[in-house]
Each structure stands twice: as structure tokens, then as C-alpha cells.
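Report on the structure given below.
The values are calculated or read from the model by the stated rules, or taken from the named source; none is laboratory data. Source: prediction; values computed, not measured. Here Cβ is always computed from backbone atoms with ideal geometry, including for glycine, and neighbour counts include all displayed protein chains.
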Amino acid sequence: LQEYAISVSVGTPPKEFLLVLDTGSSDTWVPSSICTPKAGCPSDRRFNPSESSTYVHTRLDYQAGYLTAQVNGSYFNDTITVGNFTLDNQFLFLVNDQTGSLADQTSDILLDGVFGAGLPGSSTLSNNRNETFLTIPMELYARGLIPEPLFSVFLGQAKESAWSGEIIFGAVDQERAASRITYIDVAQFQAPNGYVYFNNWFSLASQIEVGSNYIEAEEDTSLPFLFDTGTDALVLPTDLADKVVQSLAPDAIKNDTVYNVDCSYLGNTRPFRIIFPGSQFTTVKQSKNLNVTLEVPVNKMVTRLGSTCQLIIETNDDSYPIIGNLFLRHFITVFNFEDYTIGLAP
């Protein structure tokens, strides 16, 4: 587990929690007082509703699924503080039991739950009742606490005991960007009834390249990549991942859903690129013919695990393609929930 975390406090009086920063989901949740280690909550930081004078139960009980986890619990309203911002009566989720990556933690620093910074269309409430709520970044803007309808993320390099990075609500730290920030559009989805909506931070990539090699997907269509800080890897369907790895490291050995490579690839500087069409949104001040390229050298696609090395690419045929934090940490990313654009700069 190589996740990035954000510190929050919930309730009155406030109870502190350390939550995974997750742009791939919308629900912000904390473990309840009945979620013991046996129930999948290894941390000793838990929320007891009876101890908060501002807690309001909604009677909305649900099961939420993630790429590598599943949780059971219920929605509630209470006060939450993030940095210098406090929101009262915020819609949150209380988990009673869970399975998956957070339940299986073994590190010295234990994460308690999830800070959902995705779009409302991906929430458990939306999936079950076709209803939505404002996520915490959106609520901060709606209540006039931040100046712009966006948040920016700079992940930096995550290590076992020394994490770095920042999330800024309502602004962008331009000094973090090595070049001008360029923007791509968030993909729209169409419901069976014809309703068009934004599900989450998806954007349609036009192509993938390794050096001068163009990698074709199985179907000649754009790939909807999810920009997801709550996932470690670059997740691809198996057929596409195999093609990318064949071009990137032809001697790689596949091990279940991952690829082991010789550690000599840590010195390989060939470029790996994911290319997106530039934003067509009228308020974005850039050429409408611009392509936005996410480029990293091959050696940044390799991580050392003891005496062996592994690509940051994983396969999953039950998921959409995902750009996770091991790739995103090489960029500053701006999530705009009014224009529905994603800004990127190395």
C-alpha cells in the first residue's frame, strides 16, 4: 500500500483521522466504534456517534465497492475539519466492517478511511438511489470558503516513513509546475434515458506511445482513463497492458497481474507517453488543437522491491483504465469541478 493521506477531524468534540486521498471515489468515510481489527479496521482511531453532539444519522445503510476493497456502513451528517476549513452538517459515511487493502495494512502508519474527492456521480448514494451530494471540495466552494471551484494535487515521492505532497483547495501552487499547466476535458457519460452526466475524473486518451512505438488498443476507440490518487498503479486491461509491456520491456516476466523486470530498466530513459486531446472548454485559454502529453521515462515506470524490480503497470479486466499515484506523482494535477477539466504539468 503506497497511498497518500490527508488529516481530518470529525465530530464535536473533534476526533482526528488519517484518510487516503482518493480522487477515484466520492464518499468520505471513517471507521465506526464497532469496526474492530477483526472487522477490518486495524487502526485504533474510530468514530463513536454517541460521543459527537453534532452527529445526525440518515438511516441510509449501504455497501460500497472499490477496486481492491469493500465496505459496509451508513451515511451520516456531522462536522468535519480539513486544514483550516470546517464544514458543519457534511454528508459522510460511517464504516462498520471492511475487506481489502486498508483492512490488510501492516505498516507502522495506519490509515483510517477515505477522503473522497471524486465527482458526485461515483458515490454509493448515486449508484443506489440516483441521488447526489456535494463532495467536500465542492461544498467548500459552495459555502464560499475557497475562491475557485477546483483543487490541486502535488503528490511528490511517497516513502515508507517520509511522505510528501500537498492538496490545495481553491488554488494552484504555480511554483510546483515546471511548465505551463495544460487542460483536458472530463469525459461525459450517457445514461440509458439519454441523460448526459459527469461520472468521475475520467478523460479520454487518444493514444499511448513507448519511444516511437504507437500502442493500439484492442478496439479502435478512445480510452477513458480515471485520474485516481487512491490507486497505486497504472491499471490497464490485459490485452493493452501486454502490448505496452512488450514494447516497454520485452523480457518482462508476468506474475499474476504485475510484470517483473530486470533492474537494469532503472537506467532506461526512453519516453512513455499517454496523449489526450486538449480541452475544448471555451474558458480554457489554450489552443483547441493542442494535445496534452503525459510523459515519463521508462525508469520512472519501474519500482524496486528488495532485490527485484517491477513495473508500475497492473492488469485488471474488470476495471476501467486508471492512472494511479505512482504515475501522477510526476505531475501537478488540477481538478476543476465547474469547467469539468483536469489540468496537468510536470
Every listed condition ((1) farther than 30 Å from GLY343 by Cβ; (2) surrounded by fewer than 18 Cβ atoms within 10 Å (Cβ to Cβ); (3) of a type outside the set (Phe, Trp, Tyr)) holds for THR68 save (1)
Checked against (1) of a type outside the set (Val, Ile, Thr); (2) in a loop (DSSP other than H, G, I, E, B); (3) more than 24 Å from ARG59 (Cβ to Cβ), LEU134 satisfies every condition except (3)
If we ask which residues in segment 295-326 are out of contact with any Pro (no Cβ under 9 Å at 6 or more places or on another chain), polar (S, T, N, Q) and part of a strand (DSSP E or B), their number turns out to be 3
Within segment 20-35, the residues that are out of contact with any Leu (no Cβ under 6 Å at 6 or more places or on another chain), buried (at least 24 other Cβ atoms within 10 Å of the Cβ) and of a type in the set (Val, Ile, Thr) are THR23, VAL30
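Select from segment 305-318 the residues that are in contact (Cβ under 8 Å) with a residue 60 or more places away in the chain and out of contact with any strand residue (DSSP E or B) (no Cβ under 6 Å at 6 or more places or on another chain) and list them in ascending order.
Residues satisfying the conditions are THR315, ASP317.
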Pairs returned, first residue in segment 168-189 that is surrounded by fewer than 16 Cβ atoms within 10 Å (Cβ to Cβ), second residue that is of a type in the set (Val, Ile, Thr) and modelled with pLDDT under 95, beta-carbon separation under 7 angstrom, 6 or more apart or interchain, are GLN188/VAL196
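Do any strands (runs of 3 or more DSSP E) entirely within segment 191-294 hold 2 or more residues that are not assigned by the TED database to the domain that holds THR333, and if so, which?
Values: elements: 202-205, 207-210, 213-215, 223-227, 234-236, 253-255, 258-261, 271-277.
The strands (runs of 3 or more DSSP E) meeting that bar number zero.
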When segment 329-340 is checked residue by residue, the ones that are touching a residue at least 40 places away in the same chain (Cβ under 8 Å) and over 13 Å from MET301 (Cβ atoms) are ILE332, THR333, VAL334, PHE335, ASN336, PHE337, GLU338, ASP339, TYR340
So, first residue at positive phi in segment 6-35, second residue surrounded by 17 or more Cβ atoms within 10 Å (Cβ to Cβ) and acidic (Asp, Glu), Cβ within less than 7 Å, six or more apart or across chains; the pairs are GLY11/ASP78
